[in-house]
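The values are calculated or read from the model by the stated rules, or taken from the named source; none is laboratory data. Keep in mind that what you see is a predicted model, and the values were worked out from it rather than measured. No Cβ is skipped: glycine too gets one built from the backbone with ideal geometry, and neighbour counts run over all protein chains shown. Heavy atoms of the whole protein, side chains included, go into the accessibility calculation; ligands, DNA and RNA do not. Shrake-Rupley method; radii C 1.70, N 1.55, O 1.52, S 1.80 Å.
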Amino acid sequence: EEVVQKLNKLDESSWEVVQYGSLPHDPDKYPLYAVKSKPWSDDRPTVMVTGGVHGYETSGVQGSILFIQTEAAKYAKDVNVLVFPCVSPWGYECVQRWNYQVLDPNRSFKRDSECQTYESKQLMAYVDGLNADIICHVDLHETTDTDATEFMPAKHAEKGLSYEEEVIPDGFYLVGDSKNEGGQLDFQTAIIESVKKVTHIAPPDDGKIIGEEVVRDGIIIVPAKELGLCGGVTHAKYTTTTEVYPDSPKASDEICNRAQVAAVTGAFDYVMAAMCSDIKRFYPIGTPGQPWTDAERDQWRATTKVQRSYSEEVVQKLNKLDESSWEVVQYGSLPHDPDKYPLYAVKSKPWSDDRPTVMVTGGVHGYE
């Protein structure tokens, strides 16, 4: 009801919902879905969102769906959009960090490794099969109070380790990949600035968040690929993992979902701007990397001027043809100025439908 039914209501003209697998312990109950923008083109770059890698982190799932419903279409004009709304559906239903195998999916995104889970193995196989040029990946998560009271104690107990309660950050923060160009900190900061408009950013605790040094406001970096985090599953230039704090008295379900959407749009806006800045300006009208608007087409028309006469150099010559041999036929006109720009064909006389015809066209490109 909370995930699949929402996906089934998406506009089929804009989105394709693809089942890329299922959880083997109950495949009918737990299909795995990806959502792809239409039309999909292998020639365009792809931006990607994952939610619900930890199924109990609700806003990762609902935020990714809200992004599709409200914001994704504007990016699908220029890039492919790929969303995995609920990577761990069993964890979502059972409100668990672990999966059915009693494994943490967000430590299992390593290719050619025995640590893969049902969830990570199938997602990686699907992504690899697309052979897409993924330029940005945003992985949506939460840090909750139950991390300290349930999930982290269970993790340590399962391994036979002792546990000391952790400090849960009060607010939103990001986890960048330290091995990806130093974490792409300007990219991370752009996301933080976008999220600030919706919810508060986590302050550091003695200069740290969850034990990691804060490198900028609300940002820590870790070696995502080495740890097997979903945020490191692609070779994208721009990657991040969001962490929303849903248990704050300042937060609500709506705010958490909107914060996830703000994180995604902040990321994609930065990437789209970077794509355009990488393209050198080669024409005085428009923005490099973006299609012209109607206003820019009007601007182009305003720069044109009449440099020769269609009437004198073409029409008058046609009117002087021998009428016994040639018939000049007006077959149409240009609608923006029909009196000035009639369209003519010249037919030989006598014309016979019983004979074959040879044809010549000129001036398809008028300047030639």
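No other residue among LYS347, LYS305, LYS340 is open to solvent by 60 Å² or more (accessible area, probe 1.4 Å), closer than 30 Å to ILE285 by Cα and in contact with a strand residue (DSSP E or B) (Cβ under 9 Å, 6 or more places away or on another chain) apart from LYS340.
Has segment 269-290 got any residue that is assigned to a helix (DSSP H, G or I), open to solvent by 80 Å² or more (accessible area, probe 1.4 Å), acidic (Asp, Glu) and free of Cβ contacts under 8 Å to residues at least 40 places away in the same chain? No; the residues of segment 269-290 include none that is assigned to a helix (DSSP H, G or I), open to solvent by 80 Å² or more (accessible area, probe 1.4 Å), acidic (Asp, Glu) and free of Cβ contacts under 8 Å to residues at least 40 places away in the same chain.
Name every residue in segment 99-124 that is in contact (Cβ under 8 Å) with a residue 40 or more places away in the chain and not in a loop (DSSP other than H, G, I, E, B), in order of residue number. Before the answer, list the steps.
Keep residues of segment 99-124 that are in contact (Cβ under 8 Å) with a residue 40 or more places away in the chain, which gives 99-100, 102, 104-110, 113, 115, 118-120, 122-124.
Within segment 99-124, PRO105, ASN106, ARG107, TYR118, GLU119, SER120, GLN122, LEU123, MET124 qualify.
Being within 24 Å of the chain's Cα centre (by Cα) and open to solvent by 10 Å² or more (accessible area, probe 1.4 Å): is that true of ARG97 here? Judged against the criteria, ARG97 is not a match.
Tally time: how many residues in segment 168-194 are part of a helix (DSSP H, G or I) and at pLDDT 95 or above? Reasoning before the result, please.
Kept after step one, since they are part of a helix (DSSP H, G or I), are these residues of segment 168-194: 181-183, 185-194.
Then drop every residue that is not at pLDDT 95 or above, which leaves 185-194.
Summing the residues that are part of a helix (DSSP H, G or I) and at pLDDT 95 or above in segment 168-194 gives 10.
Exactly one residue among THR189, THR240 is in contact (Cβ under 8 Å) with a residue 60 or more places away in the chain and either farther than 27 Å from LEU130 by Cα or crowded, with 24+ Cβ neighbours inside 10 Å (or both), and that residue is THR240. When segment 17-69 is filtered for residues that are touching a strand residue (DSSP E or B) at 6+ places or on another chain (Cβ under 6 Å) and acidic (Asp, Glu), only GLU57 remains. Out of segment 57-74, which residues are open to solvent by 10 Å² or more (accessible area, probe 1.4 Å) and either touching a helix residue (DSSP H, G or I) at 6+ places or on another chain (Cβ under 6 Å) or of a type in the set (Gly, Ala, Ser) (or both)? Across segment 57-74, the qualifying residues are GLN62, LEU66, GLU71, ALA73.
Regarding segment 194-204, can at least one residue be identified that is free of Cβ contacts under 8 Å to residues at least 12 places away in the same chain, open to solvent by 30 Å² or more (accessible area, probe 1.4 Å) and of a type outside the set (Ser, Thr, Tyr)? Steps first, please.
Of segment 194-204, the ones free of Cβ contacts under 8 Å to residues at least 12 places away in the same chain are 196, 204.
Okay, now just the ones that are also open to solvent by 30 Å² or more (accessible area, probe 1.4 Å), so 196, 204.
Filter again for of a type outside the set (Ser, Thr, Tyr), leaving 196, 204.
The answer is yes, given that some residue of segment 194-204 is free of Cβ contacts under 8 Å to residues at least 12 places away in the same chain, open to solvent by 30 Å² or more (accessible area, probe 1.4 Å) and of a type outside the set (Ser, Thr, Tyr).
Note on segment 195-241: residues that are within 14 Å of GLU181 (Cα to Cα), basic (Lys, Arg) and in a loop (DSSP other than H, G, I, E, B) total 1. Does ALA34 fit the bill of being farther than 19 Å from VAL233 by Cα, open to solvent by less than 30 Å² (accessible area, probe 1.4 Å) and among the aliphatic types (A, V, I, L, M)? So ALA34 does not fit the description; no.
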